[in-house]
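Novice: Quick one: the structure is below, and I'll ask about it shortly.
The values are calculated or read from the model by the stated rules, or taken from the named source; none is laboratory data. Predicted model, so just to flag it, every value in this text is computed and none were measured. Cβ placement follows ideal geometry from the backbone for every residue including glycine, while neighbour counts extend to all protein chains displayed.
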Amino acid sequence: MRKSDPVSIWDITAAETEPNQTSAVGGKVDVAIVGGGFTGLSTALHCAEKGLSCHVIEANHIGFGGSGRNVGLVNAAAWLPPQDILKILGEDYGNRFINRFSSAPEYVFSLIEKHQIQCNPTRTGTIHAADGPDGLDDLIARKAAWDRLGEPVDLLSRDEAASHIGSTAFYGALLDHRAGTINPMGYCRGLARAALAAGALISTGTTVKELKHEAGLWQVVTNKGALMARHVILGTNAYTDELWPGLKHSFTMIHYFQLATSRMSDRIKHILPYRQGLWDTGKIMLSLRRDHTDRLIIGSMGHLMGSHHGGVSYRWAQKQLDRIFPDLGPVMFDEAWNGQIAMTPDHLPYIYKLADNLFTPIGFNGRGITTGTVFGQALAGLLTGDCATTLPIPVSTMRRVRSAPVMSRFYKLAFAANQWIKSF
Ligand SMILES: Cc1cc2nc3c(=O)[nH]c(=O)nc-3n(C[C@H](O)[C@H](O)[C@H](O)COP(=O)(O)OP(=O)(O)OC[C@H]3O[C@@H](n4cnc5c(N)ncnc54)[C@H](O)[C@@H]3O)c2cc1C
């Protein structure tokens, strides 16, 4: 049994338990997968279902990375509005990407249903709330683009937004009916259970130290032995270490912190009454959820500063809840945590081909539940003969983001200053 501290409230509240089997490392498989998050586990599940032998190797435990720490918003499409995606990817890939990711929440919920994953799914949509007049203009433009594509996204007036959120703090909102929420750790553990049932092997507490290409096979060297694989998928994303030279510098790493209140039952029944997850249009985004245990979970970009007992993040969270819900009064927090997010310069996710038979989906820009699931499915297709042109995004070669280390430091300082200023 795992002895490490919980990485998030989801680690504690997920009804889906952590699979307790861990395989010895050795032998030969079709696919070795590094990382036990949504990407690695979805790849394993889909590969195993297609008859490939596969082995997931995770340095810590299932859901240790972003997958067990996130907000749990099962968002449709991408961080960027559809018109921007078309501009970057062009008509062909742009439309394919938009279609695949518009239906991606549906696919995630279908896996939850198929494998009976206990992760408290809600399918009442998500709310993108305007934090000011500029934010509302942005939402109006997004609504027009979704209307052109015939997608079920509503623009809520200020009053309508207030009744959905339980607060008059927002100027209006988009209600995206395609989306929903989950307990992300529950989903991640459920994917692991389903992958194991389909025949995949999983080793936790095992770090991949080196990848060597020999006679058409990859030797995957770990701290607990080595195995041979025809293909390797790196599902390490924002938790990428030094394993593949330069990969860490292909994205800008930012942090996102969250605090979960204690259970509040009737006291918050007017807040997010339909339990949609919310994020706002602020440049330094804020997120808010009321989960199935009637906790409020509030977060924003940046490191956790302090703990759930006190400190800058604690004061920030109290202050924001006061601002948004002036009648709520002081609250107690049960958990506080943060996680790492991989941002790309154009805010699109990538699938890089790093070498022969070695791929990595990376840079999900805070949209990993659907992206990791869909990319895992797409890679399983690629490895079993699908043409690369059927992928949701073209496979490309790794691009180093020269400004990444500087930008990461800049964001760290800017987010810390923002948190500190807003904590008074
Ligand atoms: C705080 C936060 C909030 C977010 N909110 C949302 C949200 O609401 N909705 C959404 O869709 N997305 C959200 N995201 C993004 C989403 O969580 C990530 O995009 C997603 O989890 C990435 O999944 P992954 O499987 O690719 O990587 P991860 O889940 O990060 O897993 C990578 C794993 O690789 C392992 N690893 C790294 N190196 C090695 C090695 N050498 N050997 C073995 N193992 C290794 C790590 O231990 C880690 O477990 C959020 C992210 C954060 C951090």
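Novice: Would you be able to say whether some residue in the range 49-63 is assigned to a helix (DSSP H, G or I), more than 25 Å from TRP218 (Cα to Cα) and of a type outside the set (Ser, Thr, Tyr)?
Specialist: Looking for residues that are assigned to a helix (DSSP H, G or I), more than 25 Å from TRP218 (Cα to Cα) and of a type outside the set (Ser, Thr, Tyr), one finds none in the range 49-63, hence no.
Novice: Determine whether GLN258 is farther than 18 Å from GLY66 by Cβ and either in contact with a helix residue (DSSP H, G or I) (Cβ under 6 Å, 6 or more places away or on another chain) or not hydrophobic (A, V, I, L, M, F, W, C) (or both).
Specialist: Judged against the criteria, GLN258 is not a match.
Novice: What number of residues within the range 388-405 satisfy the criterion of being aliphatic (A, V, I, L, M) and under 21 Å from ASN338 (Cβ atoms)? Steps first, answer last, please.
Specialist: Residues of the range 388-405 that are aliphatic (A, V, I, L, M), as a first pass: 388, 391, 393, 395, 398, 401, 404.
Adding the requirement that they be under 21 Å from ASN338 (Cβ atoms) leaves 404.
Of the residues in the range 388-405, 1 are aliphatic (A, V, I, L, M) and under 21 Å from ASN338 (Cβ atoms).
Novice: Something else about it: Taking only the range 175-193 into account, find how many residues are surrounded by 24 or more Cβ atoms within 10 Å (Cβ to Cβ) and within 16 Å of SER287 (Cβ to Cβ).
Specialist: The total comes to 7.
Novice: If you don't mind, another one. Mind listing just one residue for me: the one in the range 214-241 that is within 8 Å of the ligand (Cβ to nearest atom) and either in a loop (DSSP other than H, G, I, E, B) or over 28 Å from the mean Cα position of the chain (by Cα) (or both) and, of those, farthest from PHE375 (Cα to Cα)?
Specialist: ASP241
Table: residues versus (1) at pLDDT 95 or above; (2) out of contact with any Gly (no Cβ under 6 Å at 6 or more places or on another chain).
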{"site": "GLY310", "(1), (2)": "yes, yes"}
{"site": "SER313", "(1), (2)": "yes, no"}
{"site": "TRP316", "(1), (2)": "yes, yes"}
{"site": "LYS319", "(1), (2)": "yes, yes"}
{"site": "ASP322", "(1), (2)": "yes, yes"}
{"site": "VAL331", "(1), (2)": "yes, yes"}
{"site": "ASP334", "(1), (2)": "yes, yes"}
{"site": "ASP346", "(1), (2)": "no, yes"}
{"site": "PRO349", "(1), (2)": "yes, no"}
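Novice: Which is surrounded by fewer than 24 Cβ atoms within 10 Å (Cβ to Cβ), touching a residue at least 40 places away in the same chain (Cβ under 8 Å) and hydrophobic (A, V, I, L, M, F, W, C), of VAL25, VAL31, VAL74?
Specialist: None of the others qualify; the one that does is VAL25.
Quick grid of which residues meet (1) free of Cβ contacts under 8 Å to residues at least 60 places away in the same chain; (2) within 30 Å of GLY190 (Cβ to Cβ):
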| position | (1), (2) |
| --- | --- |
| HIS347 | no, yes |
| LYS353 | yes, yes |
| THR390 | yes, yes |
| ALA404 | no, no |
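Novice: Now, a different point. Conditions: (1) under 18 Å from the mean Cα position of the chain (by Cα); (2) on the phi < 0 side of the Ramachandran plot. GLY302 meets all but one. Number of the miss?
Specialist: (2)
Novice: Now a separate question. Please go through the range 108-136 and give me each residue that is closer than 28 Å to GLY282 by Cβ, not in a loop (DSSP other than H, G, I, E, B) and not hydrophobic (A, V, I, L, M, F, W, C), ordered by number.
Specialist: THR122, THR126, HIS128, PRO133, ASP134, GLY135
Novice: For the range 349-379, what are the residues that are near the ligand (Cβ under 8 Å from one of its atoms), polar (S, T, N, Q) and touching a helix residue (DSSP H, G or I) at 6+ places or on another chain (Cβ under 6 Å)?
Specialist: THR370, the sole residue that qualifies.
Novice: Can you tell me which residue within the range 79-101, out of those that are crowded, with 23+ Cβ neighbours inside 10 Å and not β-branched (Val, Ile, Thr), is farthest from the ligand (Cβ to nearest atom)?
Specialist: That would be PHE97.
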